[in-house]
Amino acid sequence: MRIPALLCVLVIPCLLAFAEDKPNATCPVTGRAVDPTVTAVYEGRTYAFADAAARGLWTAAREKSLYHRLGGKPAIEAAVDAFYVRVLADARIRDFFENINMNKQRRKQKEFLSAAFGGPEPWTGKDMRAAHSELELKEEHFNAVAENLQKTLEELKVSKELVGEVMSVAASTKDAVLNRR
Ligand code: HEM
């Protein structure tokens, strides 16, 4: 018997949401096993810690992170979406993305930047050198990407100070992205 489509639409997202909210078994601060009664909720997700001190350190780090100050998940997702609209319209660099699955690329970039800005989830993809080593990128390509990122943030009315912090994070990837030592 086939499962009715409506049931899939209603039930599967609930099951996924439940699975996602299962707290972590390893403390993200100490690396030790968690005490399941010591938890914090961040952006709707529950995180567990080894003890209250670890939870305090983690919560303080979240609150002062660039990720949090930019507006967290929705702000970063909106910025990455707007950034790739610019990149794909930019004749200096758009050809690099011709055969790239852009849904996947947007998802990866959101995860990478979120982690680089101090978000709660780790980056699980390639390191920046491995991700770009086949592309033979030049300084002008990196600068065009950086310019698009800066213009995106300015268009979204992100403060000058935060734009500066984002651009520093982007600049820290330059040698790896350009495969330089
Ligand atoms: C601030 C600098 C940059 C950052 C932070 C960045 C970040 C990323 C990330 C997170 C990925 C996905 C890696 C993975 O698959 O695990 C990626 C892939 C890619 N990036 Fe970049 N990137 C930067 C600069 C550039 C530049 C300058 C170009 C070209 C103009 C470029 C073109 C690409 C392409 C084409 C891919 C897909 C490669 C593939 O799937 O084979 N990136 N980048």
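The values are calculated or read from the model by the stated rules, or taken from the named source; none is laboratory data. Computed from a predicted structure; not experimentally measured. In this analysis, Cβ positions are derived from the backbone assuming ideal geometry, glycine residues included, and neighbour counts consider all displayed protein chains. All accessible areas refer to the heavy atoms of the entire protein, side chains included, with ligands and DNA or RNA removed. Shrake-Rupley method; radii C 1.70, N 1.55, O 1.52, S 1.80 Å.
Regarding Lys64, is this residue near the ligand (Cβ under 9 Å from one of its atoms) and either open to solvent by 50 Å² or more (accessible area, probe 1.4 Å) or assigned by TED's automatic domain parsing to the domain that holds Thr152 (or both)? Can you show your working first?
Numbers: near the ligand (Cβ under 9 Å from one of its atoms): no; either open to solvent by 50 Å² or more (accessible area, probe 1.4 Å) or assigned by TED's automatic domain parsing to the domain that holds Thr152 (or both): yes.
No; evaluated as a whole, the condition is false for this residue.
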Single match in Leu57, Leu70 (criterion: in contact (Cβ under 8 Å) with a residue 60 or more places away in the chain and either closer than 15 Å to Glu43 by Cβ or more than 10 Å from the ligand (Cβ to nearest atom) (or both)): Leu70
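Mind telling me which of the residues Ala91, Ala171, Ala75, Ala130 ends up being under 26 Å from Tyr42 (Cβ atoms), at pLDDT 95 or above and outside the structural domain of Pro28 (by TED's automatic domain parsing)?
Details: Ala91 fails: under 26 Å from Tyr42 (Cβ atoms); Ala171 fails: under 26 Å from Tyr42 (Cβ atoms); Ala130 fails: under 26 Å from Tyr42 (Cβ atoms).
Within the list Ala91, Ala171, Ala75, Ala130, the selection yields Ala75.
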Selection count where residues are open to solvent by 70 Å² or more (accessible area, probe 1.4 Å) and in contact with an Asp or Glu (Cβ under 7 Å, 6 or more places away or on another chain), scope region 36-56: 1
Residue check for Glu43: acidic (Asp, Glu), within 19 Å of the chain's Cα centre (by Cα) and within 10 Å of the ligand (Cβ to nearest atom): no
Given (1) out of contact with any helix residue (DSSP H, G or I) (no Cβ under 7 Å at 6 or more places or on another chain); (2) closer than 22 Å to Val34 by Cβ, number of the condition Gly118 does not satisfy: (1)
Cross-chain or 6+ apart pairs with Cβ under 7 Å, region 140-156 first and open to solvent by 20 Å² or more (accessible area, probe 1.4 Å), then assigned to a helix (DSSP H, G or I) and charged (D, E, K, R): Phe142/Lys174; Lys151/Arg86
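Taking Ala33 as the residue in question, decide whether it is away from the ligand (no atom under 16 Å from the Cβ), among the small types (Gly, Ala, Ser), surrounded by fewer than 17 Cβ atoms within 10 Å (Cβ to Cβ) and closer than 24 Å to Glu161 by Cα. Step through it out loud before you land on a result.
On the way: away from the ligand (no atom under 16 Å from the Cβ): yes; among the small types (Gly, Ala, Ser): yes; surrounded by fewer than 17 Cβ atoms within 10 Å (Cβ to Cβ): yes; closer than 24 Å to Glu161 by Cα: no.
No.
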